[in-house]
Every structure is written in C-alpha cells, then in structure tokens.
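These notes are about the structure you will find just below.
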Amino acid sequence: MWMASICSLFLGNANSFNDSGSYPLLTEKFPEKPASMNALVKASMSLSQTILPLVIAAVHSAYIIIPAMAVMLGLLLLKVSVTNFGKNETIVKETVSEQKEILETSTNKPSVLIDGVGMVILGFTLSFIFYMYSQYAPVFAEKVIGSTPVFSKTLISWYAISSLISVFITSTVVRKVHPFKVLLTYSIVAAAMLAVMVVHPTPTIARLTSIAIGFFAAGGIWQVGLTILSRYFPLEKGRVTGYYSFAAALTYFVGPIVSTFILDDTAASLVHVFVLDVAVSVLGIIVMIILAVRCFKYKFI
C-alpha cells in the first residue's frame, strides 16, 4: 500500500509536469492554431482513458499491465530525448522581443487580477462540472431514477464516447469561431442539460445529459480556456498553465470533500449534489460573460 501510494504521488507529479510543458510547447510550435493543438492533447488523453480500461479488463494480471506501461514510458522518454522541440535560439529571442514590444505598446492589455484570476476560476469550474457528473451519474441513475446497475454504467460509456467525438469537432470549430463564443455556447448547453436532469430525472434525459456533458463539458473546452489564458499572457505560458492546472486539480480534492457533507443514504442528497453542479456551472457562465465582454470590448485576442 505504501509503495502504491508513493508511486501514485510520483505519477500525479509527472502528469502535472506534462501539462505545464506540453500545452505551452504546442502553443509555441503551432501559433496559428493553438486551441486546436491543445484540444488534440485532450483527444489523446480521452483515447487512452477509453482504451486502457478495455485492456485491463482483457488482461487481468497486474504483472503484465504495469511492466507494459513502464516500457511505454521508457519509449516515450527515449523519443523525447532525441526529438528537437526547440526553435533556433535567434528566432526565439526575436519572437520574445516582438511579444514584449507588442505588450509594451498595446494600450489594451488583459488584467492579471481580473482576466487572469477569472480564467483560473474557469479552470476550476469547467473541471468541476464534468468531474462531479462522471463520479455520481451512475449512482444518481440508480437511486433517483430507479434504473438498473447495467443502465447506470452505460451513462459513463455514453459520456466517454461523446467526449472523444467532441474533441475532434471542437478542435475544428475553434479555428473558425472565437474561443469565448465556444466556451459560452458549450457551457450554457451543459448547464441547461444538467438542470433538466435535476428537474425531470428520467432514463432518456439521463442518457441525453451524459452525451451533452461528455460533448460540451469534457470534450476539450478546458483546453480552449487554457489557450485563451496563454494568449492573454504569452510571455508566461508555463506559469499560467501551472495556475490553471492547479485550479483544475483542486476539483479532485474539493469535489469529494464537499460531497461528503451533502451525501447520505437518500436520493434527495444526490439531487443536491447535482444542484451544486448546476450552481457551479452558472457561476462559471457568469465569469465567462464578464471576461468575454472585456475581451471583445478591449480586443485582447
């Protein structure tokens, strides 16, 4: 148990380092389409989250799965060590100088206290929505709707499939539509479907909500928010990515703690959990509207 806990801590740290490095790197390498590239990171993550449970179900031995994952990590390290990710040093200096000059001469610059903090808050709310749903949707279906355990588990399957499909569609949409318009549209649809499920819980509504949350809340919208934040503060991509990712990580800590104060053995307590999810969604939409108004007014991006 101790060894498993220590390994989990290291893997969690590795995941955070990966987020703080991969997103800024892709933004630098593909400045014309940063949102699309960040969404593709989410696509890879969703694909892995879909395939790995199937592999584990087929291969029951941890003595095979864990060494195989270690080999894959070793191959990844080898690939990273021989790949030249960096640009020419002269080009990097020129790019940084150009960005500094643009920021210094621009009269309309995003505010750290308003726009920066607001985007970090969105990092939390966007993650909170789909995390709470994925954790409690099956139990909600069983206790509130009265569905069978088999049907309840299919909700997460619909959620996962919809999320995977959304990533590829979202990566295309953000090339043609302003990212704030994507954020607002997706968030409003997700919040509306959550509210409908709370007010009118039926098997059909639950299935449609799973599809909607997977597509509009877990399908790359978090990465779209990160792209906006990176474009707001182009000289500090790594730092702002860390803040944004930390806010998302708080979801996995705050969500279970808050739930323990709400949940009991009654169906009503599960309804209250999803009411909280709807409230956080609405909070996120309010913050988005404020930030979007400022963005369009001052033409930050």
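The values are calculated or read from the model by the stated rules, or taken from the named source; none is laboratory data. Computed from a prediction, not measured in an experiment: that's the story for all the values here. Here the Cβ is made from the backbone with ideal geometry for all residues, glycine too, and neighbour counts use every protein chain on show. When the accessible area is computed, the model is the full protein with side chains, heavy atoms only, and any ligands, DNA or RNA have been set aside. Shrake-Rupley method; radii C 1.70, N 1.55, O 1.52, S 1.80 Å.
Numbers for the structure displayed
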{"item": "Helical contribution to [θ] at 222 nm, DSSP H n ≥ 4, -39,500 (n - 2.57), averaged over the chain, rounded to 500", "result": "-29000 deg cm²/dmol"}
{"item": "Over 30 Å between alpha carbons, listed pairs 42/176; 42/153; 29/153", "result": "29/153"}
{"item": "Ranked by how many other beta carbons lie within 10 Å on average, peptides 78-84, 127-133, 248-254, 268-274 from highest", "result": "127-133, 268-274, 248-254, 78-84"}
{"item": "Solvent accessible area, Å² - residue 109, 1.4 Å probe, full protein context", "result": "110 Å²"}
{"item": "Using θ = phi - 60° and Karplus 6.51 cos²θ - 1.76 cosθ + 1.60, couplings along region 224-231 (whole Hz; Gly, Pro as x)", "result": "5, x, 5, 4, 4, 4, 5, 6"}
{"item": "The chain: relative contact order as a whole-number percent, Cα under 8 Å and 6+ apart", "result": "31 percent"}
{"item": "Under the Karplus curve 6.51 cos²θ - 1.76 cosθ + 1.60, θ = phi - 60°, whole-Hz ³J(HN,Hα) for region 40-48, x wherever Gly or Pro sits", "result": "5, 4, 4, 4, 5, 5, 5, 5, 5"}
{"item": "Centroid-to-centroid separation of region 212-242 and region 101-175 [C-alpha atoms, Å]", "result": "11 Å"}
